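The values are calculated or read from the model by the stated rules, or taken from the named source; none is laboratory data. Given the structure is predicted, the values throughout are model-derived calculations rather than measurements. Cβ coordinates were reconstructed from backbone atoms using ideal geometry, including for glycine residues, and neighbour counts include every protein chain displayed.
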């Protein structure tokens, strides 16, 4: 299979990841009403679609303490009954300057006919999770981990829960609680992100 040249923007800056524009299927969509139609079962998740970016505060008991981080979250779809999810984070110093890349996770959000949300997530540090939950309002969603599996080298995690919501100003906010290293469920991550695409 032949490939066209990488997208010109991909050759700029310090990146070495090429962008090929000859993929034989459409790219995922982050905007409603343009291109691919959102599957009807995903309508309860429609407000999440987009690319979101901002800052948050992490709390790692017995590890790193409390620290700031930047984050970008993408919710996209390809017309099938799920959303594609990706989150990338970077550590920030007290002045807001980037120190280094941090956590990454990818996954899929699905909604069944009763509007129960199922989320499957994989983390770069060796943990896979299955969440269940639902809408608690028109633009709020609550999830609780039902199953957590980890590799031998991953940090011990025994429980997790997440809350997502969209504020009146349009920002996405979320809070995550997590039980780490034998400690009970407690606040772990929280962030406020602005929509930059979608």
Inset, instruction - Kindly establish whether residue 179 is over 14 Å from the mean Cα position of the chain (by Cα) and farther than 20 Å from residue 72 by Cα. - result: yes
Inset, instruction - Tell me which residues, restricted to segment 21-34, are out of contact with any helix residue (DSSP H, G or I) (no Cβ under 9 Å at 6 or more places or on another chain) and either modelled with pLDDT under 80 or loosely packed, with under 11 Cβ neighbours inside 10 Å (or both). - result: 21, 22, 23, 24, 25, 26, 27, 31, 33, 34
Inset, instruction - Would you mind stating whether residue 163 is surrounded by 14 or more Cβ atoms within 10 Å (Cβ to Cβ) and within 14 Å of the chain's Cα centre (by Cα)? - result: yes
Inset, instruction - Could you run through segment 84-100 and say how many residues are part of a strand (DSSP E or B) and either in contact with a helix residue (DSSP H, G or I) (Cβ under 6 Å, 6 or more places away or on another chain) or surrounded by fewer than 13 Cβ atoms within 10 Å (Cβ to Cβ) (or both)? - result: 2
Legend entry - Test: residue 103 is in a strand (DSSP E or B) and either under 27 Å from residue 27 (Cβ atoms) or modelled with pLDDT of 95 or more (or both): yes
Inset, instruction - Among what's in segment 101-112 and is more than 13 Å from the chain's Cα centre (by Cα) and within 14 Å of residue 45 (Cβ to Cβ), pick the residue that is surrounded by the most Cβ atoms within 10 Å (Cβ to Cβ). - result: 111
Legend entry - Residue that is farthest from the chain's Cα centre (by Cα), among those in segment 135-155 that are in contact (Cβ under 8 Å) with a residue 40 or more places away in the chain and part of a strand (DSSP E or B): 135
Inset, instruction - Among what's in segment 178-198 and is outside any strand (DSSP E or B) and surrounded by 15 or more Cβ atoms within 10 Å (Cβ to Cβ), pick the residue that is modelled with the lowest pLDDT. - result: 198
Inset, instruction - Quick one: which residue in 37, 9, 55 is modelled with pLDDT of 95 or more and surrounded by fewer than 18 Cβ atoms within 10 Å (Cβ to Cβ)? - result: 55
Legend entry - Members of segment 113-124 found to be under 14 Å from the mean Cα position of the chain (by Cα) and not in a strand (DSSP E or B), listed by number: 124
Inset, instruction - Return a yes/no flag: does segment 160-177 have any residue that is modelled with pLDDT under 95 and touching a strand residue (DSSP E or B) at 6+ places or on another chain (Cβ under 9 Å). - result: no
